[in-house]
Amino acid sequence: MKSESYLYLAYVATWVIHIAYLSTLVRRYGRLKREIAELERSKR
Amino acid sequence: MKRIFPVLGVLTAFLLSYGLYQALVVAPTEQTMGNVQRIFYYHVPSAWTAFLLFAVNFVGSIVYLASRNQKADILALVGAEVGLVFLTVNLVTGPIWARPVWGIWWTWDWRLTSTLIVWLIYVSYLMLRRFAAGGQTAVLAAALGIFGALCVPFVYFSIWYFRTQHPQPVMGGGGSLDPHMLHALLINWLAFLCFAFMVCWSRYRLEVVQRRVEEAIALQSLENVGSNR
């Protein structure tokens, strides 16, 4: 593998890790929204 | 904060783009390693950001143990979680840099091993918070968080006191750094700090709302039990 390939691999890996973590936050937000909606429904 | 958030988002996007430009285009090519040395502009700021977030976890844990303040507990959790993400970046980019330069992906030297140990401590911290049941989880997590943060100085100073494969620090270690390289490094760190702040703020809000919802669900269950009797 060329030297530049390692450089790009490291930069891509960095953003893959960050995006993977951000996507877990988005999923958690979605689940929380559903829980709130369910809670409001059951209160009525 | 709602008004500042979009502005901070634009600023972060600008800083990340500018940092990338500085790292890949403006910063001079290192003579021995060549272009692969540019991994440095992501590898080092990731470690610094992680250590700063572990310090947040440390302070939050101490405040929680002293006062049982829920906000401090949430701050500690957020510091550990986001810090772990940045340390993961550091641990992944390190071997990718090491392979073409050292000829190996990994070596069990003091710096690398101690970093891996700190990473494992924070993984266990998050697993404890995720899976432990009972009222003492936050207290145990705070104690573990303090222990983890106390290991961080050992990671930082390990290359000063032990002979390691890992190079000596570029700042404060007697080495010199080209001003353009230093500029690229600091811009990327600033960008990472802004990004980390935004992620931490979102995670903090998420946790606050999550705990309120859990309380409401528990309260509702109690009401249902009461009305059934």
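General observations
- Any hit, region B:65-84, residues being of a type in the set (Ser, Thr, Tyr) and within 30 Å of residue B:164 (Cβ to Cβ): no
- Residue match in region B:38-47 (condition: within 14 Å of chain A (Cβ to nearest Cβ) and without any contact (Cβ under 8 Å) to a residue 24 or more places away in the chain): yes
- Taking (1) surrounded by 12 or more Cβ atoms within 10 Å (Cβ to Cβ); (2) more than 7 Å from chain B (Cβ to nearest Cβ); (3) more than 20 Å from residue B:88 (Cα to Cα) in turn, residue A:32 satisfies each apart from (2).
- When A:28, A:41 are checked against the criterion of being under 10 Å from the mean Cα position of the chain (by Cα), under 18 Å from residue B:212 (Cα atoms) and part of a helix (DSSP H, G or I), A:28 stands alone in meeting it.
- All positions within region B:110-134 that are surrounded by fewer than 20 Cβ atoms within 10 Å (Cβ to Cβ) and under 13 Å from residue B:73 (Cα atoms): B:126, B:129
- Restricting attention to region B:60-96, the residues that are outside any helix (DSSP H, G or I) and aliphatic (A, V, I, L, M) add up to 0.
- Boolean, residue B:67 is surrounded by fewer than 19 Cβ atoms within 10 Å (Cβ to Cβ), among the small types (Gly, Ala, Ser) and within 17 Å of the chain's Cα centre (by Cα): no
- Every pair of residues 6+ apart whose Cβ atoms lie under 8 Å, when the first sits in region B:216-227 and is within 13 Å of chain A (Cβ to nearest Cβ) while the second is of a type outside the set (Lys, Arg) and surrounded by 10 or more Cβ atoms within 10 Å (Cβ to Cβ): B:216/A:39; B:217/A:35; B:217/A:39; B:220/A:39; B:220/A:42
- Tally of residues being basic (Lys, Arg) and either in contact (Cβ under 8 Å) with a residue 60 or more places away in the chain or at the interface with chain B (Cβ under 7 Å from one of its Cβ atoms) (or both) across region A:1-29: 1
- Extreme residue, modelled with the highest pLDDT, among residues of region B:131-162 that are touching a helix residue (DSSP H, G or I) at 6+ places or on another chain (Cβ under 8 Å) and in a loop (DSSP other than H, G, I, E, B): B:132
- Residues in region B:57-71 that are within 17 Å of residue B:147 (Cβ to Cβ) and either without any contact (Cβ under 8 Å) to a residue 60 or more places away in the chain or acidic (Asp, Glu) (or both): B:59, B:63, B:66.
The values are calculated or read from the model by the stated rules, or taken from the named source; none is laboratory data. None of these values were measured; they are calculated from a predicted model. Don't worry about glycine lacking a Cβ; one is built from the backbone with ideal geometry, like all the others, and counts go over all protein chains shown.
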